[in-house]
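Heads up, the thing below is written out as structure tokens.
The values are calculated or read from the model by the stated rules, or taken from the named source; none is laboratory data. Please read all numbers here as calculations on a predicted model, not as lab measurements. No Cβ is skipped: glycine too gets one built from the backbone with ideal geometry, and neighbour counts run over all protein chains shown.
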Amino acid sequence: MHLTTSQIHDLLKERDGRYLEHDMGNYRMKEASGADVTVKENGKDVSIQPTASQIDDLVDASLLIRDGSRYRAT
């Protein structure tokens, strides 16, 4: 599933404690509990995995801050 950069930011801010985890070149949105954040696509749960370019755009716009391997909304 391809989400726009603004949709990723909106989903990240939708619930307290959400963050983006960077692991081995991949990004994945997580709940505060560490569970994957998912959205429905064709009736299936799909995890949210933004691209590096989307992360860069959000950081450049000062909408994300980095904390080690995690990125949080500002």
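With respect to GLU21, is the statement that it is closer than 15 Å to LEU58 by Cα, modelled with pLDDT of 95 or more, charged (D, E, K, R) and surrounded by 10 or more Cβ atoms within 10 Å (Cβ to Cβ) true? Criteria met by GLU21.
Tallying residues that are over 18 Å from THR5 (Cβ atoms) and under 13 Å from the mean Cα position of the chain (by Cα) within the stretch 31-69 yields 7. Which of the residues spanning the stretch 24-42 are touching a residue at least 12 places away in the same chain (Cβ under 8 Å), under 22 Å from SER69 (Cβ atoms) and surrounded by 14 or more Cβ atoms within 10 Å (Cβ to Cβ)? Residues satisfying the conditions are TYR27, ARG28, MET29, LYS30, GLU31, ASP36, VAL37.
Per this entry, MET29 is not counted among residues that are out of contact with any His (no Cβ under 6 Å at 6 or more places or on another chain) and modelled with pLDDT under 95.
Which of the residues spanning the stretch 1-18 are of a type outside the set (D, E, K, R) and either in contact (Cβ under 8 Å) with a residue 60 or more places away in the chain or surrounded by 11 or more Cβ atoms within 10 Å (Cβ to Cβ) (or both)? If the condition is that a residue be of a type outside the set (D, E, K, R) and either in contact (Cβ under 8 Å) with a residue 60 or more places away in the chain or surrounded by 11 or more Cβ atoms within 10 Å (Cβ to Cβ) (or both), then MET1, LEU3, THR5, SER6, GLN7, ILE8, HIS9, LEU11, LEU12 are the ones that fit.
Per the listing ASP45, ASP60, the residue uniquely surrounded by fewer than 14 Cβ atoms within 10 Å (Cβ to Cβ) and touching a strand residue (DSSP E or B) at 6+ places or on another chain (Cβ under 8 Å) is ASP45.
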